[in-house]
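Since the structure comes first, as structure tokens, the remarks are kept for the end.
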Amino acid sequence: MSEPASPIGVFDSGVGGLTVLKALLAALPHERFVYLGDTARLPYGTKSSATVARYAVQAAEALVGHGVKCLVVACNTAASLGLPAIRDRVGELPVIGVIEPGAQAACTISVSGSIAVLATEATVRGGAYQEAIRRRRPQALLAAQPAPLLVALAEEGLVSGPIADAVVRHYLEPLFAHAPASGSQPERPDTLVLGCTHFPMLAAVIRGVVGERVHVVDSAATTAASVHAELASAGLLARGTPLERIRLLATDGPERFGRIGSRFLERVITPQEVELVDL
């Protein structure tokens, strides 16, 4: 019997990256995955740039130790602030973050070039989405809105109802509630990038606030497509059906990881499935 193909490593500060893992499982049905949630040190979104980069490198090194063939940084904050440090440390190993695919999708789909990014404080402060979008569309009109309370809502399962609606409106109504001003450049964005892996959990509420005409970009699907393309071009796509598709690692709280992660992955995760690791 041949040896199983090397797995793909995926990491996030917690369980939010499971939305990316879900997209990867759908897009790459023959691959195995090792997912690491750095739950002992979350959230990354309120940490300094240097701290986020250090944590991201440590998480990447842990996954390299599991023999992964590709690294997916399924954390917008870590991808915004830690990607260069990760690539320096892991050498030739392919590393794909969620920001570049999300920026590409936003630039492709936006008609007016007026784009909003909803993210954590650190991701907005780091400016990676803004830089990636302007690199593709230099004349883009950008608005970047930090929305830290949405992370807590997603983790507590408060993804619908009056509380979720009020918090989402607090962040988005200043950007989307008003009609475009007169002039050649509209103020109201026609595209919204969900720049945190937790935010797709609130997609229905977000859609209700911004309306049907706004394009909402969830970078999970675009990241999965980028990973598929990267592995295909390198001849690294797996063949056959693996016996075990997912290995779950966390730095703290397997019970909480299982309880909250089950909602993000949309399947039951038992605490026994979650291996504790020390970074």
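We did not get these values from a lab; they are worked out from the coordinates using the rules stated. Everything quoted here is computed from the prediction, not taken from an experiment. In this analysis, Cβ positions are derived from the backbone assuming ideal geometry, glycine residues included, and neighbour counts consider all displayed protein chains.
Numbers below:
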| item | result |
| --- | --- |
| FRET efficiency estimate (nearest 0.05) - Cβ-Cβ, Ser49 to Arg267, R0 35 angstrom | 0.50 |
| Asp88 versus Arg256: modelled label distance in nm, points set 7 Å from Cα along the beta carbon direction | 3.1 |
| Tilt relative to the chain, helix 219-233 - C-alpha long axis, 0 to 90 degrees, to 10 | 50 |
| Tail fraction, Cα-Cα pairs, the range 138-276, threshold 26 Å, whole percent | 43 |
| Neighbourhood net charge (15 Å Cβ-Cβ; Lys/Arg +1, Asp/Glu -1) for Asn76 | -4 |
| On Cα atoms only, tilt of 162-176 relative to the major axis of the chain in degrees | 60 |
| The chain: antiparallel DSSP beta bridges as a percent of all, rounded to 5 | 0 |
| Residue with peak Gaussian network fluctuation, the chain [Cα springs, cutoff 10 Å], from Arg256, Arg239, Arg136 | Arg239 |
| Efficiency of FRET from Cβ geometry, Asp278 and Ala234, R₀ 30 Å, rounded to 0.05 | 0.45 |
| Dipole magnitude of the range 90-231 about its Cα centre (Cβ charges: Lys, Arg +1; Asp, Glu -1), debye to nearest 20 | 420 |
| For the range 155-177 versus the range 97-134, the gap between their alpha-carbon centres in whole angstrom | 20 |
| Helical contribution to [θ] at 222 nm, DSSP H n ≥ 4, -39,500 (n - 2.57), averaged over the chain, rounded to 500 | -13500 deg cm²/dmol |
| Angle in degrees between helix 49-64 and the longest Cα principal axis of the chain, rounded to the nearest 10 | 40 |
| Dipole magnitude of the chain, debye to nearest 20 (Cβ charges: Lys/Arg +1, Asp/Glu -1, about Cα centre) | 420 |
| Gain on full stretching of the segment that runs from Glu173 to Glu61 - 0.36 nm per residue minus C-alpha separation | 36.2 nm |
| Anisotropy class of the range 234-279 from Cα gyration tensor, a/c 1.5 cut | prolate |
| For volume of the Cα convex hull per residue in Å³, calculated from these coordinates, the label among (1) 206; (2) 125; (3) 143 | (2) |
| Ala144 long-range amide H proximity, modeled H, under 5 Å | Val117 |
| Efficiency of FRET from Cβ geometry, Glu156 and Arg135, R₀ 51 Å, rounded to 0.05 | 0.90 |
| For the range 1-132: rounded, prolate or oblate by the Cα gyration tensor [a/c cutoff 1.5] | oblate |
| Under-5 Å amide H pairs with Thr197, H placed in peptide plane, nonlocal only | Asn76 |
